[in-house]
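The values are calculated or read from the model by the stated rules, or taken from the named source; none is laboratory data. Note that this is a predicted model, so its numbers are computed, not measured. Neighbour counts run over all protein chains shown; Cβ positions are idealised from the backbone, glycine included.
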C-alpha cells in the first residue's frame, strides 16, 4: 500500500499505471480476435453464445415483457438450447450451401433466444422478420412455430430480404411454416395484409428506414402484438415509434461469451397488461411531443 501511495505521488508513473490498467481490457479482446480469426468463417452477422448470467437476465426481461413466470420462460430457453435437430439442420445446410463458406456450422443464437421465446409464448398466427441474411433467425422462429403447431396453434413466418440468395437455411421441415419474400422490405410489408402478432426488424440498419417499417405495419398491429428491434443498440427508431403509439419500450443488452464482438441487443415494444392504451394520436402530432 505504501508503494502504491508513492506511485500515486509520481505523476508519470501514476499516469502509465492507469493507461496499463485501461489497455488490459482491450488486450483480452485481441486474444479473442486472434482465436476467432482461426476458428470462424463469418465476416458479418456474427454468431455466438451469451454468458449464462446474460441469458438469465434475458429470461427475466422476457418474463416482464410477455407477462410470464420466469420458470416458464426458462423452460422455452432450455427447449431450444437442447434442440439437436435444429443444430444438425444448421450444420448440414451450411455445409451443403455454396454460401456456407461465409458461415459457421455451429448454431449459436445469442439474443435470438428471445425471439424464440416470444414466438413460443405468443403462439402467433403471423410472424414477420425483415432482413433474414442466411436465415438463422428464420429457422429458429419456424422451429417455434412447428412446436406451436404440435400443440394445436397454427402460425406462419414471413421473412423479407432484398438479396435473392438470402434465407438458404430455411429448408426442410422449417419451410412448411415459413416463406421468404424477396424485394424491398417496405414494399413486401405493404403487400402483407394479415394482422401481425410478432414483428422483428433486422433489415436496413438506418434509423429512418427502420422507422418507416414500423409506420408501414402500424395498422396491422394489435394490443397483444410484440415488436422487436435487432438494431435498438444503434438507433432509437423503435423507442420513437413506441412513444408515438403509447407502447412500452425496454432494451436488453446482450453479452457474448468468449467473443470479441461487444454484442447487440433486443428492443421490445409492447402494451403492458397494467397499462390501458390511450387513443392513437396522429404520428406527426406525437412526433412533435417527442421533441419537447
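The table for this structure:
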read-out: One residue from 132, 94 being outside any loop (DSSP other than H, G, I, E, B) and in contact with a helix residue (DSSP H, G or I) (Cβ under 7 Å, 6 or more places away or on another chain); value: 94
read-out: Selection count, the stretch 46-59, where residues are in contact with a strand residue (DSSP E or B) (Cβ under 9 Å, 6 or more places away or on another chain) and either outside any helix (DSSP H, G or I) or within 10 Å of residue 263 (Cβ to Cβ) (or both); value: 6
read-out: Selected residue (criterion: nearest to residue 134 (Cα to Cα)) from residues of the stretch 162-208 that are without any contact (Cβ under 8 Å) to a residue 24 or more places away in the chain, loosely packed, with under 15 Cβ neighbours inside 10 Å and in contact with a strand residue (DSSP E or B) (Cβ under 6 Å, 6 or more places away or on another chain); value: 164
read-out: Among (1) surrounded by 18 or more Cβ atoms within 10 Å (Cβ to Cβ); (2) touching a residue at least 24 places away in the same chain (Cβ under 8 Å); (3) more than 30 Å from residue 34 (Cβ to Cβ); (4) touching a helix residue (DSSP H, G or I) at 6+ places or on another chain (Cβ under 6 Å), the one test that residue 249 misses; value: (2)
read-out: Every residue from the stretch 219-231 that is modelled with pLDDT of 95 or more and in contact with a helix residue (DSSP H, G or I) (Cβ under 8 Å, 6 or more places away or on another chain); value: 224, 226, 227, 228, 229
read-out: Evaluation of residue 62 against (1) touching a residue at least 60 places away in the same chain (Cβ under 8 Å); (2) part of a helix (DSSP H, G or I); (3) closer than 30 Å to residue 169 by Cβ; (4) in contact with a strand residue (DSSP E or B) (Cβ under 9 Å, 6 or more places away or on another chain) (one fails), failing number; value: (1)
